[in-house]
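The values are calculated or read from the model by the stated rules, or taken from the named source; none is laboratory data. No experiment lies behind these values; they were computed from the predicted model shown. Counting neighbours? That spans all protein chains shown, and the Cβs are built from the backbone with ideal geometry, glycine included.
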């Protein structure tokens, strides 16, 4: 049974009775009979109660704060002083509608109206008779409804009913005796109640029951059943009170320091709540409420509830409490079973990819293929794509365009230098400062379970004493395993199968073979000069103008000038260096505008040299072929294709072979093979065999600071040596690449597209390749091959026939 308290209907606050407040009047059987015979009006104003139920005969004070409630009380107090009182179904509703009200209530008489200092109105009312709402006829300025009275069903067996009433009285007196919060004067009120129905109503009104339970008692017209229900609730309350008193008697005699701290913490919690803080119980209930809104599986829900109960048993002051709370917050923040809807408009996707990226046809075609299959099946596991190529070609930025084309969220994770396996799999939550892995953190950040996930620089994962991250990535990137990716902090599997992973890499050789096997490798090669000019015009120049606060009318760079910048100041496969050079041009214009200096809005070739200085890379476009032994080769580097020059000279000696230029073992072996092949076939090119014993041969590859290796310079070295020994010119604007054998065969090599792009940048006109590389050339777009002539060879003798002219060089040596 509850204390004597005011029940604030609108604000839910509680305020103690005054000590001088008059006692609750008791209802006699005569009063009850008079009320039952009283004729009710056809309609009444209806006062909604938020957190209590009024029973017939019971007097309660109500504090009203709503404008409608105050208006109703004022009008009723000036009139018949009779109102209808019903409780709300949901006490949290501030402005209830008809659907929010219970249909059964109590007719009440206003006994007294008090104006409180805080501006609210307190009214003391007494319940008279139960009624039900027939129809709400008005809701302005307050509810008005037609009603009908609800009669009481008298018990058939009066003896049994009297026994129940006696039991209720005895139990009520025991509860008053055992409860320290109920004044002993209440026992006198219980003893003096003569009316059975009023006793039931009085006790029902004062018990610690939920509003819906009290409402159920009010709605029960059978007096016997209501008495039994009341007795049942009283028994539960008495048992709870007895258990509480029993526990208190035990702990009171043996309260140790830990228990004392617990009660102090409880007091701190109460103080914190009063000051506006949030208690741990409130946090837990909030988590439980949020968990019911999550779209997770039954297994995840059971695990969360188990961990939430573990948190509930913890002391909030221990260190493990915050770890457990963070763990549960992660569960609530992760997008379990939440997916963004894919857009299957393939034409729109193609438009977005073409808008953001010029070139990269293979990659864009693969994305469109993926979208097409996903549209047809709608349940395809996302592929693991790996964009492999030199820096600055748009591998990473491609991910944003893919995300926009798919209509998915975009997240990026840089793997460069990552060497701790816990960064992928997370830490076990038993450690202080434990966190989930970056995969799970990124999924949480994305807010959906199917984002486009960029794994940047996957080739730069490293190994340390903290584990091998590349091995941890195996589960992430395996379509057969990642549906149950296990994070150490999460302690259960998370489905990554709907995530579209796009990895980027500059060098495949440093990727663990097992990891490389799980990805679909797409080669993103460099750009031609024409493509670079187009990219600069469409993307780089507008971007730099915007970043430097200029408009397109402040600086204009034509195609010819852009081509001059590309050819004279950049040599990479990508466009990163080109963007830096364009930024210099834009900064020069910005400085001129800021200092009010004159400058050419339309950039000329002279302006380019004025701002960027003399062209530095012209030397790579032409090499003097008037000297015997100088040949242009094609090479592959980590930043794309490049050209290299192989030089060889003769000096009097004993036939020694010297090789310089910071060359690797394979390249040195190619030079030795070329030399031995020439010696064994000297008669083919009319070379005097005695020359090999009279002259030393020195082969050099310029740019000695740059390491070089690989077999593809084999035919270049062979041509250089034959040109040297025959003292004949090598054809102009010719480059070559291919491996050689002692049998005179030419073998295919890799990196053909990059090498061809390098040849075009260097103004090469003819290229010699192995016959087996013909298929690689066939995969390259025709526009890249414009202006090039290809010679496909199988034998080394064919290389010499194509490359070396019959013209002797000037000042040729007599061998």
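Select the helices (runs of 4 or more DSSP H) contained entirely in the stretch 356-449, then report the ones holding at least 1 residues which are in contact with a helix residue (DSSP H, G or I) (Cβ under 6 Å, 6 or more places away or on another chain), surrounded by fewer than 20 Cβ atoms within 10 Å (Cβ to Cβ) and touching a residue at least 60 places away in the same chain (Cβ under 8 Å).
It comes to 438-446.
When 508, 555, 515, 545 are checked against the criterion of being farther than 25 Å from residue 362 by Cβ and either under 36 Å from the mean Cα position of the chain (by Cα) or without any contact (Cβ under 8 Å) to a residue 40 or more places away in the chain (or both), 545 stands alone in meeting it.
Within the stretch 493-516, the set of residues being out of contact with any helix residue (DSSP H, G or I) (no Cβ under 6 Å at 6 or more places or on another chain) and under 30 Å from residue 325 (Cα atoms) comprises 494, 498, 499. Taking the listed residues 235, 201, 181, the one that is assigned to a helix (DSSP H, G or I), exposed (fewer than 15 other Cβ atoms within 10 Å of the Cβ) and not assigned by the TED database to the domain that holds residue 54 is 235, with no other qualifying. Please work out if residue 295 is under 20 Å from residue 485 (Cβ atoms), under 19 Å from the mean Cα position of the chain (by Cα) and either modelled with pLDDT of 80 or more or buried (at least 18 other Cβ atoms within 10 Å of the Cβ) (or both). Here the answer is yes, as residue 295 does meet what is asked. Taken over the stretch 755-768, residues that are surrounded by fewer than 20 Cβ atoms within 10 Å (Cβ to Cβ) and in contact with a strand residue (DSSP E or B) (Cβ under 7 Å, 6 or more places away or on another chain) amount to 2. Residues in the stretch 716-769 that are on the phi > 0 side of the Ramachandran plot and within 49 Å of the chain's Cα centre (by Cα): 738, 751, 763. For the residues 530, 480, 534, the requirement of being touching a residue at least 24 places away in the same chain (Cβ under 8 Å) and out of contact with any helix residue (DSSP H, G or I) (no Cβ under 8 Å at 6 or more places or on another chain) singles out 534. Any chance the stretch 639-651 includes a residue that's modelled with pLDDT under 85, assigned to a loop (DSSP other than H, G, I, E, B), in contact with a strand residue (DSSP E or B) (Cβ under 7 Å, 6 or more places away or on another chain) and surrounded by 13 or more Cβ atoms within 10 Å (Cβ to Cβ)? Looking through the stretch 639-651, none of the residues is modelled with pLDDT under 85, assigned to a loop (DSSP other than H, G, I, E, B), in contact with a strand residue (DSSP E or B) (Cβ under 7 Å, 6 or more places away or on another chain) and surrounded by 13 or more Cβ atoms within 10 Å (Cβ to Cβ).
Taken together, the criteria exclude residue 440 from residues that are touching a strand residue (DSSP E or B) at 6+ places or on another chain (Cβ under 7 Å) and closer than 29 Å to residue 361 by Cβ. In the set (1) surrounded by 14 or more Cβ atoms within 10 Å (Cβ to Cβ); (2) outside any helix (DSSP H, G or I); (3) at pLDDT 85 or above, the condition left unmet by residue 802 is number (2).
A quick yes/no check of all residues on (1) touching a strand residue (DSSP E or B) at 6+ places or on another chain (Cβ under 9 Å); (2) surrounded by 22 or more Cβ atoms within 10 Å (Cβ to Cβ); (3) not assigned by the TED database to the domain that holds residue 416:
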position	(1), (2), (3)
452	yes, yes, no
457	yes, no, no
462	no, no, no
479	yes, no, no
484	yes, no, no
498	no, no, no
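Please verify whether the stretch 769-792 includes one or more residues that are in contact with a helix residue (DSSP H, G or I) (Cβ under 9 Å, 6 or more places away or on another chain), in contact (Cβ under 8 Å) with a residue 40 or more places away in the chain, buried (at least 17 other Cβ atoms within 10 Å of the Cβ) and outside any helix (DSSP H, G or I). No, the stretch 769-792 has no match at all.
Of the residues 156, 169, 134, 128, which single one is under 21 Å from residue 56 (Cβ atoms) and out of contact with any strand residue (DSSP E or B) (no Cβ under 7 Å at 6 or more places or on another chain)? Every option except 169 fails the conditions.
Of the residues 190, 168, 147, 164, which single one is over 21 Å from residue 227 (Cβ atoms) and surrounded by 12 or more Cβ atoms within 10 Å (Cβ to Cβ)? Give the derivation first.
Details: 190 fails: over 21 Å from residue 227 (Cβ atoms); 168 fails: over 21 Å from residue 227 (Cβ atoms); 164 fails: over 21 Å from residue 227 (Cβ atoms).
From the options 190, 168, 147, 164, the qualifying one is 147.
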